[in-house]
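For reference, the structure I am asking about is given below.
The values are calculated or read from the model by the stated rules, or taken from the named source; none is laboratory data. Predicted, not measured: the structure shown is a model, and the values here were computed from it. Cβ atoms come from the backbone with ideal geometry, glycine included; neighbour counts cover every protein chain shown.
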Amino acid sequence: MSQDHDHLAEIVAQWRRERPDLDPSPLLIVGRIQRLADVLDAVLRPPFAAAELGNGEFDVLAALRREGEPYTLTAGQLSQRMLVTTGAVTKRVDRLIARGLVSRSVADADARGRLVGLTPAGVTMTDRLIEEHLANEAAILRELTDGDRRTLERLLATLLRTAGP
């Protein structure tokens, strides 16, 4: 969406003209959030693609790295931290194992349990990518004041609470 053409405002105006009995104004917020999600993905995805990481694979690496040493979690813990099914975690972990970025081992406390852990190569890649990712996110937000950012954080948190399960 270019700065000089607001397509969503045009759509809302059309609905107001055609159906004055309806309030199409939520499109101005929800539609923009949906459009913004697409734009953000296009802007933020290239470093992960360049590292040959599929969607969600960096999430596994980041969840393990955030855990701190020894950078290990069970598949169930990864599932909870990433808000995805354990099946999705398993597929991602298998791809990362093939790349040498994570390993799977037997849990000391329960021989039936398996731990997923970052390899040294995984730690190095995650640290490099998180620096680049956070710099990209900061660049996206550069024109917002600190007050704007705090307000947006609060409003988005409220929307997530009210729209989510």
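May I ask you to verify whether D146 is farther than 18 Å from E67 by Cα and modelled with pLDDT of 95 or more?
For D146, the condition - farther than 18 Å from E67 by Cα and modelled with pLDDT of 95 or more - is met.
So that you can scan it fast, the table gives a plain yes or no per residue for (1) loosely packed, with under 13 Cβ neighbours inside 10 Å; (2) in contact (Cβ under 8 Å) with a residue 24 or more places away in the chain; (3) basic (K, R); (4) part of a helix (DSSP H, G or I):
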position: T90; (1), (2), (3), (4): no, no, no, yes
position: R95; (1), (2), (3), (4): no, yes, yes, yes
position: R104; (1), (2), (3), (4): no, no, yes, no
position: A121; (1), (2), (3), (4): yes, no, no, yes
position: M125; (1), (2), (3), (4): no, yes, no, yes
position: L129; (1), (2), (3), (4): no, yes, no, yes
position: N136; (1), (2), (3), (4): no, yes, no, yes
position: E143; (1), (2), (3), (4): yes, no, no, no
position: L155; (1), (2), (3), (4): yes, no, no, yes
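While we're on this one: I'd like the full set of residues that are touching a strand residue (DSSP E or B) at 6+ places or on another chain (Cβ under 9 Å) and closer than 22 Å to A138 by Cα, limited to the range 61-89.
L61, A63, R65
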